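Scroll down for the structure; my scribbles are underneath it.
The values are calculated or read from the model by the stated rules, or taken from the named source; none is laboratory data. Because the structure is predicted, anything quoted here is derived from the model rather than measured. Counting neighbours? That spans all protein chains shown, and the Cβs are built from the backbone with ideal geometry, glycine included.
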Amino acid sequence: MATVSTAAHRRARAGRPVGAVPTALLLLGALYCLFPVCWVLIAATKSPGELFSTATLSFGTGFLDNVAELFAYRDGVFWLWAGNTLLYAGGGALLSTAVSAVSGYTLAKYRFPGRDAIFNLLIGGILVPAVVLAIPQYLLFSKIGLADSHWAVLLPQILHPYSIYLARIYAAAAIPDSLLEAGRIDGAGEWRLMSRVAMPLMVPGMVTIFLFQFVAIWNNFLLPFIMLGDDGKFPLTVGLYTLLAAGANQPALYNLILTGALLSIVPLIALFLTMQRYWKTDLSSGAVK
Amino acid sequence: MRANRLGAALAVALTATLASCGSGEPTESPEAAQSPAATQDAPQGPVTLTYWTWAPNMDKIVEVWNKDHPDIQVTVSKQAGGDDAAAKFLTAAKAGNPPDLVQAEYQHLPSFIAADAVADLKAETAPIKGEFSEGLWGLVTLGTDAVYGIPQDSGPMMLFYRKDLFDEYGIAVPKTWQEYGEAARTVRKKDPKAFLGTFSSKDPGAFTGLAQQAGAQWWSISGESWKVGIADEATRKVADYWGALVKEGAIDDMPYFTPEWNKALNDGRLLSWPSAVWAPGVLSSNAPKAKGKWAVAPLPQWNAGESYSGFWGGSSTAVSAESPAKAAAAQFATWLNTDPAAIGLLVEQAAIYPAATKAQSALGAAPEYFATQPDFWQQAAAVSAGARGFTFGPNVGVTYNTFRDAFDKAVQNKTSFSDAVQAMQDATVADMRKAGFQLAS
């Protein structure tokens, strides 16, 4: 233990010049990711007059006006869209997490005929981008009369092959077979095993899946764009898009779009900051093992 | 940009899907399409219609209708405009649940017709045909006997220019395109940082309008077959004219509606914009600093003494072929686009330039941005009357995408613009062949 730590110490000291390159690369990566966010933040503070006439990185004076205007736009339709997004992302991610966790657990811990076939099918499903499925899904939902309903956006996002795959990997690693065996010997039924033994062990994995799905649904554009006709059911992405593509003879409402985009990522940032500790426990629990 | 790429992707995906399931489905029989009379006489209780549009404040305009017509209630669903809106409507129509009414841009209407997605309103619109100019009416009939939509707004093209800078540099408003070219050279000499104008390789609509002005006819229908003439003489003339100016460096080649374009407008580094009547809205939002410094004149002409123009943009109200209440929908669409009160609301609330001739001449105060030009609307009405007729084809999306690709390359490599026009022609013909349209050679 001691030798390892001193070795690591020495390496860290000696390797400082070497470490500069990865650090610089990471910083560059961070800059690359954060710059657009900063740009949105700055641009959202500019009034329509300032947007294209002042320097790119200087703050404007119109942030509060933009916010007020955005909230007043079409009698506060922004809030309706925000509520819809929350419903789609929150509800969809919760349901998706539940389905993924149960499926992953089943695939990892039970042997039954067709298990590998199902799993291979799911792996194949990962390779098919969701974008390609949007139009066929729309045609299907139209057939069963569910197009242009909340379900049309929720249902297709619940079954997510990658999440199931992730849950299976996680369940295989996090739930020892011996623990399940012990539970069985003690007379626990399969339901009890799953809900009381397996699921608590899978919580960190489930948080990951939830976050993944939440962000994916929050940002999803094509599916709701195609599925929904009624603008009262639009999520924020599609709703803000109607401000951008306002027709050839209408100026795009850039200041409202930018402010809307900024406000719509605030919940995501908040979610990540609050959920982060689950990831930390995830990492540390792995380390102890 | 993002939107464009998305639209392209969507269009590709759509074409694939539609092509794969299109052939098997029976097309609607002509009897079913042309029997609105059956539904007209027996409205069962109040009818509810859904209406997809992107015109701002349309819900407020519709409220007025709903108050007066308790038996025909219209629900507005505000959509995003542009190419994506057309793709979305086509998908919905294919899936069997389109809205009853849809705002259809003129260039997309033919693709709706080819997909049997919109109804023929010939009987319902017979009394209102005279309300619109022939050029506009042709956009909704495609030169046939059928009527597929009611014109709502239009975009006759004019020349917008910086009056203050024109005066400063001693440039007279160009009457012909030749004079425009000379003025472009003068501007370069007076201020090396400024340009008279720019050629946008991203806006096929603008180029189409300019080609219309020169007398281009890209598509026409004779009997059952289509004729494609994108690479006709008029279009080549327009393309080569702009190509030469770009190559010479007399005008810039930055695309419209980009942040750098906005900035150039704001900074007075772009002195003119051949655009459509809706330009004041764009200018006031994208170049607020130059308010009151712009003026408008008719487009420069190809031959001195002519007064032709073309259309850039504009849309109609169409009724879905599958709508169960076509007659009611047609009634609403007629009211919306011909009733003086309704048009008044359209102008005031939705900021459109009305298609109806009488309404065009009734427009009063000039747009605020053009406050220095009190005869703005009179000019527009005069130009509108000289806008040439045009027929769009069923695959304008393909043509427009090829325009972007081919002209992007031509601008970048400074190669021949008329070759790019030929590329548009070839791609359009190939796509129509593949989709099974009959083509006259």
*If you check every pair at least six apart or on different chains, which have Cβ atoms under 8 Å apart with a residue in region A:35-49 that is hydroxyl-bearing (S, T, Y) first and a residue that is assigned to a helix (DSSP H, G or I) and at pLDDT 90 or above second?*
A:T45/A:F63; A:T45/A:N66; A:S47/A:D65; A:S47/A:N66
*For A:G187, indicate whether it is more than 25 Å from A:T45 (Cα to Cα), more than 14 Å from every other protein chain (Cβ to nearest Cβ), part of a loop (DSSP other than H, G, I, E, B) and not β-branched (V, I, T).*
yes
*Those residues that are part of a helix (DSSP H, G or I) and either of a type outside the set (A, V, I, L, M) or free of Cβ contacts under 8 Å to residues at least 60 places away in the same chain (or both), I need them from region B:265-299; list them, please.*
B:L265, B:N266, B:P280, B:G281, B:V282, B:S284, B:S285, B:N286, B:P288, B:K289
*Qualifying positions in region B:262-282 - within 18 Å of B:S154 (Cα to Cα), within 10 Å of another protein chain (Cβ to nearest Cβ) and crowded, with 21+ Cβ neighbours inside 10 Å*: B:A276, B:V277, B:W278, B:A279, B:P280, B:V282
*Could you list, in sequence order, all residues of region A:55-64 that are in contact (Cβ under 8 Å) with a residue 12 or more places away in the chain and either among the hydroxyl-bearing types (S, T, Y) or surrounded by fewer than 16 Cβ atoms within 10 Å (Cβ to Cβ) (or both)?*
A:T56, A:L57, A:S58, A:F59, A:T61
*Look through A:L179, A:L240 and report the one residue that is more than 20 Å from A:A93 (Cβ to Cβ), touching a Gly at 6+ places or on another chain (Cβ under 7 Å) and not basic (K, R).*
A:L240
*Got a number for residues in region A:97-127 being surrounded by fewer than 17 Cβ atoms within 10 Å (Cβ to Cβ), within 20 Å of the chain's Cα centre (by Cα) and not β-branched (V, I, T)?*
3
*Which members of region A:122-132 meet the condition of being assigned to a helix (DSSP H, G or I), within 14 Å of another protein chain (Cβ to nearest Cβ) and under 21 Å from A:L166 (Cα atoms)?*
A:A130, A:V131
*Considering each of B:A119, B:A123, B:A92 in turn, give the residue that is under 18 Å from B:A327 (Cβ atoms), buried (at least 23 other Cβ atoms within 10 Å of the Cβ) and either among the polar types (S, T, N, Q) or in contact with a Pro (Cβ under 9 Å, 6 or more places away or on another chain) (or both).*
B:A119
*Give region B:89-127 a look and list any residue that's under 19 Å from A:A245 (Cα atoms), touching a residue at least 40 places away in the same chain (Cβ under 8 Å) and within 11 Å of another protein chain (Cβ to nearest Cβ), or say none.*
B:L90, B:T91, B:V102, B:Q103, B:E105, B:Y106, B:Q107
*asked:* Residue under question is A:G76, and the condition is that it be more than 24 Å from the chain's Cα centre (by Cα) and loosely packed, with under 14 Cβ neighbours inside 10 Å; does it hold?
replied: yes
*Please enumerate the residues belonging to region B:313-348 that are touching a residue at least 24 places away in the same chain (Cβ under 8 Å), within 14 Å of chain A (Cβ to nearest Cβ) and either in contact with a Leu (Cβ under 8 Å, 6 or more places away or on another chain) or of a type outside the set (G, A, S) (or both).*
B:G314, B:S316, B:T317, B:S320, B:E322, B:S323, B:L346
*asked:* Among the residues in region B:127-136, are any in the same structural domain as B:S361 (by TED's automatic domain parsing), out of contact with any Ser or Thr (no Cβ under 7 Å at 6 or more places or on another chain), under 25 Å from B:V47 (Cα atoms) and of a type in the set (G, A, S)?
replied: no
*Of B:W278, B:W261, which residue is assigned by TED's automatic domain parsing to the domain that holds B:F407, at pLDDT below 95, among the aromatic types (F, W, Y) and touching a Leu at 6+ places or on another chain (Cβ under 8 Å)?*
B:W261
*Whichever residue in region B:46-68 is surrounded by fewer than 16 Cβ atoms within 10 Å (Cβ to Cβ) and of a type in the set (D, E) and, among such residues, is nearest to B:A351 (Cα to Cα)*: B:E63
*Qualifying positions in region B:240-261 - within 14 Å of chain A (Cβ to nearest Cβ) and in contact with a helix residue (DSSP H, G or I) (Cβ under 6 Å, 6 or more places away or on another chain)*: B:M254
_B:V319 under 16 Å from B:P280 (Cβ atoms) and hydrophobic (A, V, I, L, M, F, W, C)_ = no
*Looking only at region B:395-410, decide whether some residue is in contact (Cβ under 8 Å) with a residue 24 or more places away in the chain, under 28 Å from B:S285 (Cα atoms), among the basic types (K, R) and out of contact with any Gly (no Cβ under 9 Å at 6 or more places or on another chain).*
yes
*asked:* Let me spell it out: the conditions are (1) at pLDDT below 85; (2) of a type outside the set (V, I, T); (3) under 17 Å from the mean Cα position of the chain (by Cα), and A:F272 meets all of them except one. Which number is the exception?
replied: (1)
*asked:* Quick test for you: out of B:V173, B:V147, pick the one residue that is closer than 18 Å to B:Q373 by Cβ and part of a loop (DSSP other than H, G, I, E, B).
replied: B:V173
*Inspect all residues belonging to region A:156-177 and state whether any of them is free of Cβ contacts under 8 Å to residues at least 24 places away in the same chain, over 30 Å from A:S264 (Cβ atoms), part of a helix (DSSP H, G or I) and acidic (D, E).*
no
_Residues of region B:362-399 classified as farther than 18 Å from B:Q213 by Cα, of a type outside the set (A, V, I, L, M) and either in a helix (DSSP H, G or I) or more than 19 Å from the chain's Cα centre (by Cα) (or both), total_ = 14
*For region A:190-224, enumerate the residues that are without any contact (Cβ under 8 Å) to a residue 24 or more places away in the chain and within 14 Å of chain B (Cβ to nearest Cβ).*
A:N219, A:F221
